[in-house]
Amino acid sequence: MTAKDKEPVKRVEKIIKEFDENLNVSLLKTSARTALEAATSLNCDVGAIVKSLLFKTDNKYALFLVAGDKKASLKKIKKNIKFSDVSMASADEVKSITGYTIGGVSPVGHKNNVDIYIDNSLERFDFLFAAAGHPNCIFKISFLDLKKITKGVIEDIIE
């Protein structure tokens with residue numbers, strides 16, 4: 001059994017294929033657990049790696065898709081999205097809410113509905129690479145298609 005045979009990866013693959021049959025999950029020979037590892041494995045700019053970060057916000061959860069070379073700003077999230085309280089979700093909360101473990105959190109296919117916000121700096125890349133349910137699995141997607149498939153809101157959420 002390879003990583004591509006695991007349920008979380010199959011869940012991502014089903015969703016991206018329904019969205020666009022030309023999208024594929026790729027299995028990397030090396031880990032893509034961090035943005036830097038993923039960029040090294042793919043030989044691409046670290047900014048083209050989509051970090052999927054789950055935050056607890058005003059008694060609910062929201063997923064923030066951030067460029068690999070940027071950091072999410074709690075101050076901007078509070079100000080621009082009008083949340084009064086924002087904190088990083090724990091590893092257990094990430095698994096429970098998204099159905100993925102940290103390092104493999106995909107922007108799609110979550111076990112629970114979460115609002116999704118997309119860092120506007122991701123727009124500078126023709127193609128992005130996002131986790132596909134496992135630290136060694138990714139999929140390649142355009143910024144516009146990422147917005148469409150996630151129904152995400154574009155925001156200035158980085159430091």
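The values are calculated or read from the model by the stated rules, or taken from the named source; none is laboratory data. Treat the numbers as computed from the prediction; the structure is a model and nothing was measured. So basically every Cβ, Gly included, is an ideal-geometry build from the backbone, and we count neighbours across all protein chains shown.
Count of the range 38-77 residues, restricted to those that are assigned to a loop (DSSP other than H, G, I, E, B), over 14 Å from the mean Cα position of the chain (by Cα) and small (Gly, Ala, Ser), is 1. Which of (1) of a type outside the set (A, V, I, L, M); (2) over 20 Å from Ala35 (Cβ atoms); (3) assigned to a loop (DSSP other than H, G, I, E, B); (4) touching an Asp or Glu at 6+ places or on another chain (Cβ under 8 Å) is the odd one out, the single condition Lys111 does not satisfy? Looking at each condition in turn, Lys111 falls short on (4).
Suppose we filter the range 107-144 for residues that are surrounded by 21 or more Cβ atoms within 10 Å (Cβ to Cβ), among the aliphatic types (A, V, I, L, M) and within 13 Å of Ala62 (Cα to Cα); how many remain? Qualifying residue count for the region: 2. Here the condition is being of a type outside the set (A, V, I, L, M), over 24 Å from Phe129 (Cα atoms) and at pLDDT 95 or above; of Asp69, Asp85, Asp92, it holds for Asp92 alone. Please determine whether any residue of the range 4-14 is buried (at least 20 other Cβ atoms within 10 Å of the Cβ), modelled with pLDDT of 95 or more, at negative phi and part of a strand (DSSP E or B). There is no residue in the range 4-14 that is buried (at least 20 other Cβ atoms within 10 Å of the Cβ), modelled with pLDDT of 95 or more, at negative phi and part of a strand (DSSP E or B). Scanning for something part of a loop (DSSP other than H, G, I, E, B), at pLDDT below 95 and more than 19 Å from Ile16 (Cβ to Cβ), does the range 121-128 turn up at least one residue? Checked the range 121-128: no residue is part of a loop (DSSP other than H, G, I, E, B), at pLDDT below 95 and more than 19 Å from Ile16 (Cβ to Cβ). Taking the range 25-57 only, how many residues are at pLDDT below 95, of a type outside the set (A, V, I, L, M) and in contact with a helix residue (DSSP H, G or I) (Cβ under 6 Å, 6 or more places away or on another chain)? Selection size over the range 25-57: 2. Return a yes/no flag: does the range 78-97 have any residue that is buried (at least 22 other Cβ atoms within 10 Å of the Cβ), out of contact with any strand residue (DSSP E or B) (no Cβ under 7 Å at 6 or more places or on another chain) and not in a strand (DSSP E or B). No, the range 78-97 contains no residue that is buried (at least 22 other Cβ atoms within 10 Å of the Cβ), out of contact with any strand residue (DSSP E or B) (no Cβ under 7 Å at 6 or more places or on another chain) and not in a strand (DSSP E or B).
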